[in-house]
1. Do any trypsin sites (Lys or Arg not before Pro) in the range 73-120 lie in a loop, going by DSSP, with at most 16 other beta-carbon atoms within 10 Å of their beta carbon, and if so which?
2. Give the relative contact order (percent, whole number) for the range 93-176; include only Cα pairs under 8 Å separated by 6+ residues.
3. Pop out the carbon and sulfur fraction of the accessible area of the range 27-71 as a percent, whole number, probe 1.4 Å.
4. Measure out, as a whole number of angstrom, how far apart the alpha-carbon centroids of the range 82-135 and the range 158-201 sit.
5. Per residue, what volume in Å³ does the convex hull of the Cα atoms of the range 112-226 enclose?
6. Do the alpha carbons of any pairs in LYS92/LYS137; LYS71/LYS137; LYS71/LYS92; LYS44/LYS339; LYS92/LYS121; LYS107/LYS316 sit beyond 20 Å of each other, and which pairs?
7. Express in nm, to one decimal, how much length is gained between LYS204 and ALA254 on full extension, taking 0.36 nm for each residue of separation and deducting their alpha carbon distance.
8. Calculate the translational D of the range 20-163 in whole µm² s⁻¹ from Stokes-Einstein, where the hydrodynamic radius comes from the Kirkwood formula applied to all Cα pairs, the temperature is 4 °C and the viscosity 1.567 mPa s.
Amino acid sequence: MTLGTLIRIRNISKLSPFRMIVAPVTMSNRPVSRISLRDFDARKDQIGKELIEAAENVGFFILVDQERPSKQEIEEMFDLSAKYFVLPDNVKSQYPFIREQNSGWEKDAQIRPSTGVADPKESLQLQYFRRNTYWPKDLPDIPEFHGTCLKFMESVQDLSMKILSFFAAALGFPPSFFSDAHDLSSEDCLSTLRLLRYHGITGKVSDMPEWRAGAHTDFDVLTLLFQETGGDGLEVCPGREAHTSFAQGDDWTAVPARTGEITVNIGRARRMFVFIIHRGRLTSLRLGDMLMAWSDDRFKSLYHRVKAPRPDGNLKARNSMAYFNQPRPHILIEGPTKKYEALSASQYILNAMKRYYQPTEIPK
């Protein structure tokens with residue numbers, strides 16, 4: 001079995017011995033803390049205290065009043081993303097998704113073990129250090145593609161490192177610990193911007209799937225997810241409260257897609273947090289599996305999924321953007337109490353993906 005074999009299977013619900021489990025969906029109105037980033041430098045101590053308290057005790061919260069990325073930057077990126085995805089497939093496929101590089105364009109190709117089928121979407125993944133080698137070039141009617149993406153990635157990177165500096169301090173690491181591990185200027189930083197477009201289903205209600213993205217956690221350290229007003233569907237379940245496979249039988253909470261907010265979630269390494277930042281479009285920030293391991297389980301990751309709209313809901317295409325903070329390959333993932341064996345970032349991701357996709361293995 002290879003990792004490539006695991007991930008390429010298109011419908012794992014037909015495989016034995018794996019069986020899809022359909023559990024009743026229960027929803028819960030969990031309280032959500034709102035944390036303002038206003039006057040960031042002057043209020044750093046208070047902001048840090050609120051972030052850590054919410055991460056440890058609540059599991060998800062809302063950030064408001066961020067300076068960058070600004071509302072204008074976010075809107076520019078959504079406009080750019082929309083222009084990209086309406087291009088013909090034969091143009092987008094000039095830079096196909098390369099799994100070993102985690103870069104390029106794919107369509108209807110990502111299978112979730114929680115659903116057994118591919119998410120109905122297309123996406124483009126961009127790594128900063130591949131900007132001159134594997135980013136789309138000469139796109140029709142989008143001459144600003146390169147420059148806008150670079151500016152946006154740099155803004156989101158800055159915000160990510162500000163948030164992670166609080167977690168570094170809480171864990172007894174130097175404030176620059178995560179910044180050094182995610183140095184965007186290095187030639188091997190794996191942090192990735194992913195543009196996503198979930199297919200519109202207008203006129204296709206009879207074929208409408210239940211999920212646009214099946215329940216999952218993220219393997220990285222920190223994920224910032226941007227959404228647009230009207231693109232509801234995001235639901236979260238704190239990993240500490242999950243007791244069933246992929247939390248499918250547990251209580252979930254809907255996180256409305258409101259323009260100008262950042263939903264922050266602490267993710268599951270085995271989990272997600274939800275911040276919501278004001279003055280930009282909806283941004284979901286998730287602490288991923290790696291941070292859970294790096295904190296020796298002090299910070300828990302979060303299950304998340306995207307539910308398809310009801311027949312009387314918004315059936316148009318749903319756009320989102322995700323920025324995945326992933327450490328450089330050689331960086332060791334080891335918590336302050338050394339609860340788990342130290343692993344390099346590259347080995348950690350490989351192991352996590354093997355565990356996650358194990359149910360998709362073709363029987364011998």
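The values are calculated or read from the model by the stated rules, or taken from the named source; none is laboratory data. If you're wondering where the values come from, they're calculated on a predicted model, not measured in any experiment. Cβ placement follows ideal geometry from the backbone for every residue including glycine, while neighbour counts extend to all protein chains displayed. Accessible surface areas use protein heavy atoms only, side chains included; no ligands, DNA or RNA. Shrake-Rupley method; radii C 1.70, N 1.55, O 1.52, S 1.80 Å.
1. When the trypsin sites (Lys or Arg not before Pro) of the range 73-120 are filtered for loop state and at most 16 Cβ neighbours within 10 Å, ARG99 remain.
2. With pairs under 8 Å counted, the relative contact order is 18 percent.
3. Whole-percent figure for carbon plus sulfur exposure: 42.
4. 21
5. 147
6. Among LYS92/LYS137; LYS71/LYS137; LYS71/LYS92; LYS44/LYS339; LYS92/LYS121; LYS107/LYS316, the Cα-Cα distance tops 20 Å for LYS71/LYS137; LYS71/LYS92; LYS44/LYS339.
7. Between LYS204 and ALA254, full extension yields 15.6 nm more.
8. In µm²/s, the coefficient rounds to 70.
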